[in-house]
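What follows is one structure encoded as structure tokens, with my remarks underneath.
The values are calculated or read from the model by the stated rules, or taken from the named source; none is laboratory data. This structure is a prediction, so every number in the text was calculated from the model and none was measured. All Cβ positions, even for glycine, are placed from backbone atoms using ideal geometry, and neighbour counts span all protein chains on display. Each accessible area value is taken on the protein alone, full model and side chains, heavy atoms only, with ligands, DNA and RNA left out. Shrake-Rupley method; radii C 1.70, N 1.55, O 1.52, S 1.80 Å.
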Amino acid sequence: MSRTAPELGGSPEVSTVPVRDLSRASLGRTNRQRGWGFDAIELDRIQRYFRAARRDPTDVELAALAQSWSEHCSYKTSRPFLRRHFGRFRSHPRVLGTGDAGVMRFEKGFAYALRIESHNHPSAVEPYGGAATGVGGILRDVLAVGGKPIALADPLFFGPLDTPLREVPTGVRAPEYLFSGVIAGIRDYGNRVGVPTVSGGIYFDPSYTVNPLVNVGCVGFLPRRRLIPNRAHRAGDRLILVGGPTGRDGIGGVAFASRELTEHSESESRGAVQLGNPIMKEPLIHACLEAADRGLIAGMKDLGGGGLATASGELAFAGGFGLSIDLAKVPRREEGLLPWEIWISESQERMLLDVRPAHVARVLEIFAARDVPATDIGHVRPGPFEEIRYGEVWAGRLRLGFRVNPPLRHRPVRRRAMVRNRDASPSDEDLAGLFERIVLNPAVRSREGVIRVYDHEVQGRTSIRPLHGRPESPSHGDAAVLRPRVESYRGLAITVGAAPWFCREDPYEGGVATVEEAARNLYAVGARPDAFTNCLNFGNPEDPRVLGDLDRVVRGLAAGARALDLAVPSGNVSLYNGGIGREILPTAVLMATGIVDDIRHAVTSDLKSLSDPLFLLGPSHPELGGSLWARSAGIRAAPLPPTDPRGLREDGERLLRAVRSGAIRAIHDVSDGGLAVTLAEMAFGGGLAFDVDLQTLGLSSAARALVAEGGSRWVVEVRRDSVAALGRIFKGRAWTRIGSVAEDPARLTWGSDLRATLDLASLYPRWRAGPGAPVGT
């Protein structure tokens, strides 16, 4: 107890909770009744702490501990794995910062920030609000390091949209309802706050029916002089709370995200979902950046999971200080909020600033000019304690190291037993039918209907858009390219990568394959892969097999990053995804960035010119495990194609040389759906077709050559007069001419044997109808 503080609690606003003298059983019952979410080890630690302090805790203190010690905030289970496998990447020479968002060098005097987060549980119970506030949260992460948000990415995972209602568990929303709500939430928040959504992905699997995954990434841009630390600077600095008022929304959000969903989650946990306000966020961003540009902010933290309690505690502790806050000064949206509710509310659009006393008046003026509330609520203090008051009532005094550092969990880890079946093969009998079934699979149908509802050109930085090709026949590309500064032609490419079906079959190889997918996407637009931020979505960590998957996937991601010289400056872990008897696939999601030396040389995926040669770069492998064809056929445990990130890097670097030479018209990577989807998307975008000899791939059959997805490969359209020059660039690599650009209908041959004629003009509108349309339309 401080020398000036009276006894804590004992008032109508702040209550004391007797825990010191409770038996283990009684303490466990109290924990469950109050929904704190502590386990037995944590309850014992809390009890010992307060016995040593010779007092009982207040409800304010216990609420803060429950947030800070949740899996969602503390990473108490995943942290050992992240340190073991990712620790070295935080000191990569291109990394400038690893706070709320990672910060990377861009060019002299400038940097970019990147981060990806999950909002899975909130989106499962309230898809519109959950997705919208997911966007709001990731914008604040980038803002907290001084970055101006310039792009969003949204990798999303749902159950199949045609899932019959009778197969949807009680208490769970239908996938189609979740899909439409999530898309609308991302659309409305991103468009209204003025940040373009330029990249993403939509994936379908029955494992996501109960618990959809809503991951949102953001890239920010900043002059290096504006880089802001996420820590307190000095004792005596004022703590300024800026942004929206505090309400009851989002209370207990991190505790909700740290347990599995149940059939009652939709009704019981809706209050844990925050309420977004993009109209407040936009001026909040501008005010924070203006104050930072004037050198008035010493440190900054966003208020996300755990609210003010988590943000202030982490800010002060990172600087080696304590803090003093008066909760009565916090602006409120409604009457009757109790101090513990104010302390942990996750109301949106709020930031906490560390400001020197001499700068407070100027900071308040900047925010007032933009009609953004800003309030001095406390100060940074020396020593290890936080002191929390509510007016004249003392509400809490904890050692910050105790509060923000829960005991790590070293849970049992077990590898899943992996059974390998013999590889199966599609039939060559109806190659045209096989091509059509693969291309019209919902997994790869056009995402135009979603992309078009997002504003992907606001701010005017988008050089290569998410849809490539002619205006009348847009198709899929591999990455978007931004031009962050009008004074420079240097570009920043953004893409996402995920390979959950590969991770299911072999978590380590799946992790490597995920990195390879992201890197191929970047090379395909003429970008050198630079960094990725990862969102690790897994099931219940109390299952040793889930942690076995996590350990091996992260090890695979790290191996891929080492081979490709990628920095990993930030990331996120989301556990407890699933419930009601459903377990999600081990789903590692990357938002990756690459540097385009000159955006005038960037490449798109659509075919450009009749009779141009088509080449395949990279080795073809026959294995079909994890492929779209295998999934569609219900085949599990088939052999996976081998990964080779070092070989990918060698091919990719040569591809960049070819792009700079001007010899390449189009590039598209081979991934989900194999060569069938790659060729179709390139042809759709260009309004052209192809004449391809599948025998040139060196596989055992035409059907296998059409649908195999390994290894790391690109289809490249080459200028007719550049074939010899590119032969020299790719000498010694797997560089194979497979055919040429042609007029519709397309032709697939096996040597001199015509195997299929494809009417792409009639196929395109059916593909363009999107994943929700029946296959026959």
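Tally Lys/Arg at +1 and Asp/Glu at -1 over every other residue whose Cβ is under 12 Å from the Cβ of GLY295; what's the total?
+3
For segment 512-658, build the convex hull from the C-alpha positions and give me its volume per residue in Å³. It would help to have the intermediate numbers written out before the result.
Working: hull volume 22.5 nm³, N = 147.
So the per-residue hull volume is 153 Å³.
What distance in nm lies between label points placed 7 Å from Cα along the C-beta direction at SER609 and GLU7?
8.8
What fraction of the DSSP beta bridges in segment 658-777 is antiparallel, stated in percent and rounded to the nearest 5?
About 80 percent, rounded to the nearest 5.
Enumerate the whole-percent occupancy of each 10 Å bin, from 0 to the last occupied one, for all C-alpha pair distances of segment 1-101.
Bins of 10 Å from zero give 12, 35, 24, 18, 10, 1 percent of pairs.
For helix 307-319, what angle does its Cα long axis make with the longest principal axis of the chain, in degrees from 0 to 90 and rounded to 10?
Tilt of helix 307-319: around 90 degrees.
Would you mind getting the Kirkwood hydrodynamic radius of the chain from its Cα pairs, rounded to one decimal in Å? Walk me through the numbers before you get to the answer.
Values: mean 1/r = 0.0371 Å⁻¹.
Answer for the chain: a Kirkwood hydrodynamic radius of 27.0 Å.
More than 18 angstrom separation, counting every C-alpha pair in segment 288-391; what % is that?
49
Would you kindly state how much longer the chain becomes between ALA432 and LEU408 on full extension, computed as 0.36 nm times their sequence separation minus their alpha carbon distance, in nm to one decimal?
Numbers: separation 24, 0.36 × 24 = 8.64 nm, distance 5.53 nm.
The span from ALA432 to LEU408 would gain 3.1 nm if fully extended.
What is the set of long-range amide H partners of ALA638 at a cut-off below 5 Å, with H atoms built 1.01 Å from backbone N?
ASN421, GLY626
Report ³J(HN,Hα) in whole Hz for each residue of segment 192-202, in order, from the Karplus equation J = 6.51 cos²θ - 1.76 cosθ + 1.60 where θ = phi - 60°; Gly and Pro get x.
6, 8, x, 10, x, 9, 10, 8, x, x, 10
Roughly how many nanometres apart are two label points built 7 Å out from the Cα toward the Cβ at SER180 and THR757?
Between SER180 and THR757, the label points sit 4.2 nm apart.
Label segment 426-530 by shape, choosing from rounded, prolate and oblate, from the square roots a ≥ b ≥ c of the eigenvalues of the Cα gyration tensor; if a/c is under 1.5 it is rounded, and otherwise prolate applies when a/b is larger than b/c, oblate when it is not.
oblate
Expressed as a whole percent, how much of the Cα-Cα distance distribution for segment 333-431 exceeds 18 Å?
It works out to 73 percent of all Cα pairs.
Can you send over the solvent-accessible area of ASP721, 1.4 Å probe, protein chains only, in Å² to the nearest 10?
130
Rolling a 1.4 Å sphere over the protein heavy atoms, what is the accessible area per residue of the chain, to the nearest Å²?
With the other protein chains kept in place, the chain gives 35 Å² per residue.
In whole percent, and with a 1.4 Å probe on the protein chains, what portion of the accessible area of the chain is carbon and sulfur?
C and S fraction of accessible area: 48 percent.
Along each of its three principal axes, how wide is the spread of alpha-carbon positions in segment 158-216, in whole angstrom units, largest first?
Extents along the principal axes, in whole Å: 40, 18, 16.
So if I place +1 on the C-beta of Lys and Arg and -1 on the C-beta of Asp and Glu, and nothing else carries charge, what would the dipole magnitude of segment 666-777 be about its Cα centre? I want it in debye, nearest 20.
With Lys and Arg at +1 and Asp and Glu at -1, about 360 debye.
Distance between Cα centroids, segment 665-740 to segment 288-306: provide it in whole Å.
So the two Cα centres are separated by 48 Å.
Take every DSSP beta bridge with both residues inside the chain and express the antiparallel ones as a percent of the total, to the nearest 5.
In the chain, approximately 80 percent of DSSP beta bridges are antiparallel ones.
For segment 557-612 and segment 98-138, what is the separation of their C-alpha centers, rounded to whole Å?
15
Work out how much length ARG83 to ALA369 would gain on full extension: take 0.36 nm times their residue separation and subtract the Cα-Cα distance, in nm to one decimal. Kindly include the intermediate steps, with their values, before the conclusion.
Values: separation 286, 0.36 × 286 = 102.96 nm, distance 4.36 nm.
Gain on extension, ARG83 to ALA369, equals 98.6 nm.
Within segment 518-535, what residues put their amide N at less than 14 Å from the label point 7 Å along the Cα-to-Cβ vector of ASP597?
526-529
Per DSSP H run of at least 4 residues, take -39500 (n - 2.57); add these up for the chain, divide by its residues and hand me the 222 nm value, nearest 500 deg cm²/dmol.
Rounded to the nearest 500, it is -10000 deg cm²/dmol.
How much length is gained if the chain between GLU392 and VAL486 is pulled fully straight, taking 0.36 nm per residue apart and subtracting their Cα-Cα distance, in nm to one decimal? Don't jump to the answer; show the numbers that get you there.
Details: separation 94, 0.36 × 94 = 33.84 nm, distance 5.38 nm.
28.5 nm is the gain from fully extending GLU392 to VAL486.
Given H placed on each backbone N at 1.01 Å, which residues far from GLY391 in sequence or on other chains put an amide H within less than 5 Å of it?
LEU327, ALA328, LYS329
Rounded to the nearest 0.05, what FRET efficiency do ALA40 and SER700 have when you use their Cβ-Cβ distance and R0 = 35 Å?
0.05
Quick one: if the Förster radius is 25 Å, what FRET efficiency do ARG747 and ALA725 give, using the C-beta to C-beta distance and rounding to 0.05?
Details: r = 27 Å, r/R0 = 1.10.
Working from the Cβ atoms, E equals 0.35.
Provide the net charge surrounding ARG660, with neighbours chosen by a C-beta distance below 12 Å and charges set as Lys +1, Arg +1, Asp -1, Glu -1. Kindly include the intermediate steps, with their values, before the conclusion.
Details: positive: ARG528, ARG600, ARG654, ARG657; negative: ASP597, ASP598, GLU653.
Overall, the nearby charge balance is +1.
Pull up all non-local amide H partners of ALA756: gap of 5 or more, or a different chain, and H-to-H distance under 5 Å with H placed in the peptide plane.
Hits under the 5 Å cutoff: LEU748.
When the Karplus curve 6.51 cos²θ - 1.76 cosθ + 1.60 is applied with θ = phi - 60°, which whole-Hz ³J(HN,Hα) does each residue of segment 147-157 get, with x for Gly and Pro?
Result, rounded to whole Hz: x, 7, x, 10, 6, 10, 9, 9, x, 10, 9.
Would you mind checking segment 466-485 for residues with the amide N under 18 Å from a putative spin-label position 7 Å along Cα→C-beta of GLU107?
481-485
What does the charge count near LEU65 come to, summing +1 for each Lys or Arg and -1 for each Asp or Glu among other residues with Cβ under 10 Å from its Cβ?
Around LEU65, the surrounding residues sum to 0.
So if we plug the beta-carbon distance of ARG32 and ALA328 into 1/(1 + (r/R0)^6) with R0 = 22 Å, what FRET efficiency do we get, rounded to 0.05?
Efficiency, rounded to the nearest 0.05: 0.10.
List the pair-distance distribution P(r) of segment 633-735, using every Cα-Cα distance, as the percent of pairs falling in each 10 Å bin from 0 up to the bin containing the longest distance, rounded to whole percents.
Here the calculated profile for segment 633-735 is 13, 41, 37, 8, 1.
For segment 14-27, just list the computed ³J(HN,Hα) in residue order, Karplus coefficients 6.51, -1.76 and 1.60, θ = phi - 60°, integers in Hz, with x standing in for Gly and Pro.
10, 10, 9, 10, x, 10, 4, 9, 6, 5, 4, 5, 5, 5
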